1. Given the criterion acidic (Asp, Glu), modelled with pLDDT of 95 or more and either within 14 Å of the chain's Cα centre (by Cα) or more than 30 Å from residue 22 (Cβ to Cβ) (or both), identify the matching residue among 102, 130.
2. (1) at pLDDT below 95; (2) within 19 Å of residue 148 (Cβ to Cβ): which one isn't true of residue 120, the others all being true?
3. Considering only the range 40-62, how many residues are on the phi > 0 side of the Ramachandran plot and either over 13 Å from the mean Cα position of the chain (by Cα) or aliphatic (A, V, I, L, M) (or both)?
4. Are there any pairs, at least 6 apart or on different chains, whose C-beta atoms fall under 6 Å, with the first in the range 7-19 and within 14 Å of residue 56 (Cα to Cα) and the second part of a loop (DSSP other than H, G, I, E, B) and of a type in the set (Ser, Thr, Tyr), and if so, which?
5. Hey, can you tell me all the residues within the range 38-57 that are assigned to a loop (DSSP other than H, G, I, E, B) and surrounded by 14 or more Cβ atoms within 10 Å (Cβ to Cβ)?
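The values are calculated or read from the model by the stated rules, or taken from the named source; none is laboratory data. None of these values were measured; they are calculated from a predicted model. For neighbour counting, all protein chains shown are included, and Cβ atoms are generated from backbone atoms with ideal geometry for every residue, glycine included.
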Amino acid sequence: HGLNLGLHFLSGAITFDPVVTKVDEETASKIVWLDAFITNIDRTFRNTNMLIWKKELWLIDHGAAFYFHHTWENWEKTAVSNFVYVKDHVLLPQASKMDEADVFCKSKLNEENLNRLVDAIPESWLIWEDLDATPDEIKAVYKQFLNLRLTHSDNFVNEAKNARNVLI
């Protein structure tokens, strides 16, 4: 329900199957990091939300990301959370390089880049009937959320590492 953005139709793509397609540790760690960063609860064995297209792995359907925005309650707590749902991530068994992924992702993301990304969100996407907030107020929350999440990435990185240790 709601506005969706489709960037590319992947004609002939097949659903990612972790038994058939192996993902290297570096890539798996970066994907787990990203999903933990954006609190994406929906990349599990039941629904990987990944496709293989022309022998490349594509991440799709981020509708379950930023789930705090469905209630706007306690978003600050979510921003610094360890993200316990990472334990269900389909790529967690291969994600042995979480510390390296953290360094890499933090080298690409910073407050300036995150703020610029949020500022690029069209205002029409931020007019929500069920929330009494202006688009600028919503953007301010997203900026604070993303920057807090980045600052406290050790919380979700350690959670992923601990969850992975239980699996292996």
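1. Checking each option against the conditions leaves just 102.
2. Residue 120 satisfies every listed condition except (2).
3. Selection size over the range 40-62: 2.
4. 16/48
5. Residues satisfying the conditions are 38, 39, 40, 41, 42, 43, 44, 48, 49.
Okay, residues lined up against (1) more than 16 Å from residue 161 (Cβ to Cβ); (2) in contact with a Leu (Cβ under 9 Å, 6 or more places away or on another chain):
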{"site": "41", "(1), (2)": "yes, no"}
{"site": "49", "(1), (2)": "yes, yes"}
{"site": "54", "(1), (2)": "yes, yes"}
{"site": "70", "(1), (2)": "yes, no"}
{"site": "84", "(1), (2)": "no, no"}
{"site": "91", "(1), (2)": "no, no"}
{"site": "96", "(1), (2)": "no, no"}
{"site": "108", "(1), (2)": "yes, no"}
